[in-house]
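Comments concern the structure below.
The values are calculated or read from the model by the stated rules, or taken from the named source; none is laboratory data. All figures in this text were calculated on a predicted structure; none of them were measured in a lab. Cβ atoms come from the backbone with ideal geometry, glycine included; neighbour counts cover every protein chain shown. Each accessible area value is taken on the protein alone, full model and side chains, heavy atoms only, with ligands, DNA and RNA left out. Shrake-Rupley method; radii C 1.70, N 1.55, O 1.52, S 1.80 Å.
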Amino acid sequence: MKARGTTEDDITAEVLRRFDATEDTRLRHIMQSLVRHLHAFVKDVELTEAEWMTAIRFLTEAGHMCDDTRQEFILLSDTLGVSMVVDLINHRKPEGATESTVFGPFHRDGAPELPAGGNIAPRDTKGTPTIVSGRVLTLDGRPVAGACLDVWQADSSGLYDSQYAETDELHLRGQFKTDADGRFLIRTVRPVYYAIPTDGPVGRMLTATNRHPWRPAHIHFVVSAEGYDPVTTHIFDAGDPYLESDTVFAVKDSLMCTFVRHDVVEDEAARFGLEPPFCTAQFDFVLKPVQR
Ligand SMILES: [Fe+2]
């Protein structure tokens, strides 16, 4: 009788064989590829038993960190660049359409619907008041009326509402609709660069590998409209010092946005109760029609 599992490669071949009968061909492809790459990785680094146990503990701890508002596994995927590779594979866009970027771990459902000019940061008194405006357009430059912009960002201390233990109230989140000309107008505070949460295993991984936890200042958007592919993206402050080294690799040149500081009274801003200093930022989103 043939000896079983005599070599490392025998085990790999046998594990692959056990998935041969998977009826779902996509699942079979994914599982067998995962096994091939995972075994190759373990053989490549000659993983010790202690390292194997460290990895088990790391993943267990990542799971324990997760709840309704904390997603350590998304953070792990983001900091390993996996989220951006998935994004790039899944959202190959035609020239001119707004590019996507990572969803990130901080989105929450149920952001309030606000009218044009609505303030998503009413409780942030330290930040620089900012108006973000622009249009949602088709690839050939026509306005998209009634498009929805789901917006979220960190406050002027660099924290999302869900990172405050004392409250679960939504803040710095809102949903806006474009008008007949495709225009939107959002009042907020100027985003700042912030560190991703470092109090969990992902933070320890960054420290152990001499990586910083910073993300350049940005505002998150999901822009959607009937008949168009929704786009999950950010706009980035074009003057930010961390654009070159975003810890989650999410920066794309086409998502740069200039935040202009104003130090004198301006009529349109005054209409929204804004006194200097304040910022304005303009960005147009371009949606790609759904492929039929
Ligand atoms: Fe963010």
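So if I check each of Thr178, Thr258, which one is more than 16 Å from the ligand (Cβ to nearest atom) and open to solvent by 60 Å² or more (accessible area, probe 1.4 Å)?
None of the other options fit; the residue is Thr258.
Please indicate, with yes or no, whether at least one residue in the stretch 132-149 is within 15 Å of the ligand (Cβ to nearest atom), under 16 Å from Asp109 (Cα atoms) and out of contact with any Lys or Arg (no Cβ under 6 Å at 6 or more places or on another chain).
no
Which one is farthest from the ligand (Cβ to nearest atom) among residues in the stretch 150-175 that are outside any loop (DSSP other than H, G, I, E, B) and not basic (Lys, Arg)?
Of everything passing the filter in the stretch 150-175, Gln175 is farthest from the ligand (Cβ to nearest atom).
Which of the numbered conditions does Asp246 fail, given that it passes all the others? Conditions: (1) free of Cβ contacts under 8 Å to residues at least 40 places away in the same chain; (2) within 12 Å of the ligand (Cβ to nearest atom); (3) in a loop (DSSP other than H, G, I, E, B); (4) under 26 Å from Ala116 (Cα atoms).
(4)
Within the stretch 95-120, restricting attention to residues that are open to solvent by 50 Å² or more (accessible area, probe 1.4 Å), over 22 Å from Pro197 (Cα atoms) and not small (Gly, Ala, Ser), which residue is nearest to the ligand (Cβ to nearest atom)?
For the stretch 95-120, the residue satisfying everything is Glu99.
Kindly check whether there is at least one residue in the stretch 207-224 that is surrounded by fewer than 19 Cβ atoms within 10 Å (Cβ to Cβ), in contact (Cβ under 8 Å) with a residue 40 or more places away in the chain and within 16 Å of the ligand (Cβ to nearest atom).
yes
Which of the numbered conditions does Val136 fail, given that it passes all the others? Conditions: (1) surrounded by 15 or more Cβ atoms within 10 Å (Cβ to Cβ); (2) part of a loop (DSSP other than H, G, I, E, B).
Of (1) surrounded by 15 or more Cβ atoms within 10 Å (Cβ to Cβ); (2) part of a loop (DSSP other than H, G, I, E, B), only one is false for Val136: (2).
If I filter the stretch 121-131 for residues that are part of a strand (DSSP E or B) and hydrophobic (A, V, I, L, M, F, W, C), do I get at least one hit?
yes
Take the residues of the stretch 181-192 that are part of a loop (DSSP other than H, G, I, E, B) and within 16 Å of the ligand (Cβ to nearest atom): which is least open to solvent (accessible area, probe 1.4 Å)?
Taking the stretch 181-192 and keeping what is part of a loop (DSSP other than H, G, I, E, B), we get 181-182, 190-192.
Right, trim to within 16 Å of the ligand (Cβ to nearest atom) and you get 190-192.
Values: Arg190: 68, Pro191: 7, Val192: 49 Å².
The selected residue is Pro191.
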